[in-house]
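Participant: The structure that follows is given in the form of structure tokens.
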Amino acid sequence: MKNHYKLVSIIMAVYNSSKYISESIESVINQIFKNWELIIIDDGSNDSTDEVISQYMDNRIRYFKQSHGGVSSARNLALQKMKGDYFCFLDADDVMPSNGLRDRIGVFERQPDLTFVDGTVIYFDESMTRIVKKYIPSFEGYPYDELLRLNRACYFGNTWMIKKEKDVNYLFREDMTHAEDLLFYLTISKGRKYSYTESPVLFYRERDDSAMKDLTGLEDGYFHLLSKVKQDLQPDPTTLKILKKRIMRIMFFSYLFDGHDPYSAARSLFRYLLKA
């Protein structure tokens, strides 16, 4: 593998993550592909996260602390600190299978014109003992327009491995708490190619207290996403209309699946229309 000498930066933003973070760190240490650095940013934790992280003496782990500023702020600090030729993200409550780096690097090796490589995600319950479902990408090509349409064929979340380029400003919006991943990928994906491996690259832990369960926050996040897309990316009217419809559909069914009655779910659409 030609890319065996390439360095991969793994970015982990953590906040009060002592319960699960050791599993996440161990999954990085156990990678088959060994040329990595793990950049951990502790975003002002007040539990025992620091004690857990400090137990690891591997010199490939780079650990920084900051005052609590949110996940995007922590990721932005890591993006400034990273040294890798490629980078990817790993949340402190998730696990990367041992092939996660190797198999994505392998796709880059076979297709050197790529900028992004994704992979299969396996959803587990909170104890990581039961598989809930799987996500398998199915798109190859230029993902920008697909992201604008919220096409799940190329977007699960922060599972892309990214080839670092000198002319790109890698920056998360720190005023967003939801949908910031999607906006980040939109700002860097225009004119750049995407592919994937069918092998798993992430074991995702489904938790009852995850950010995606905060429907009010999710609704606000999608509204801010739409505003930023309109203002900064200025897509054509047809694409913008598709994006609006997709967001409305996602929010409607999110409220239904959360146990709300259809009337309550419809009210979320009405609020969204007033904002949009």
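The values are calculated or read from the model by the stated rules, or taken from the named source; none is laboratory data. As the structure is a computational prediction, the values presented were derived from the model and not from experiment. In this analysis, Cβ positions are derived from the backbone assuming ideal geometry, glycine residues included, and neighbour counts consider all displayed protein chains.
Participant: Taking the condition in the same structural domain as Leu183 (by TED's automatic domain parsing), over 30 Å from Pro143 (Cα atoms) and of a type in the set (A, V, I, L, M), does Ile61 pass? Break it down stepwise before answering.
Facilitator: Working: in the same structural domain as Leu183 (by TED's automatic domain parsing): yes; over 30 Å from Pro143 (Cα atoms): yes; of a type in the set (A, V, I, L, M): yes.
Considered against the rule, which asks whether it is in the same structural domain as Leu183 (by TED's automatic domain parsing), over 30 Å from Pro143 (Cα atoms) and of a type in the set (A, V, I, L, M), Ile61 comes out as yes.
Participant: Out of the helices (runs of 4 or more DSSP H) lying entirely within the range 29-130, which hold 1 or more residues that are closer than 30 Å to Glu146 by Cα? Before the answer, list the steps.
Facilitator: Working: elements: 49-54, 71-81, 100-110.
Passing ranges, in order: 71-81, 100-110.
Participant: Name every residue in the range 118-176 that is surrounded by 13 or more Cβ atoms within 10 Å (Cβ to Cβ), under 30 Å from His68 (Cβ atoms) and over 15 Å from the mean Cα position of the chain (by Cα), in order of residue number.
Facilitator: Phe124, Glu126, Met128, Lys164, Val168
Participant: Let me ask another. Look at the range 1-58 and say how many of its residues are more than 16 Å from Ser98 (Cβ to Cβ) and under 19 Å from the mean Cα position of the chain (by Cα).
Facilitator: Of the residues in that region, 16 qualify.
Participant: Another question, then. Name the residue, out of Lys81, Lys2, Lys65, that is modelled with pLDDT under 95, over 21 Å from Phe203 (Cα atoms) and either loosely packed, with under 15 Cβ neighbours inside 10 Å or not polar (S, T, N, Q) (or both).
Facilitator: Testing whether each residue is modelled with pLDDT under 95, over 21 Å from Phe203 (Cα atoms) and either loosely packed, with under 15 Cβ neighbours inside 10 Å or not polar (S, T, N, Q) (or both) leaves just Lys2.
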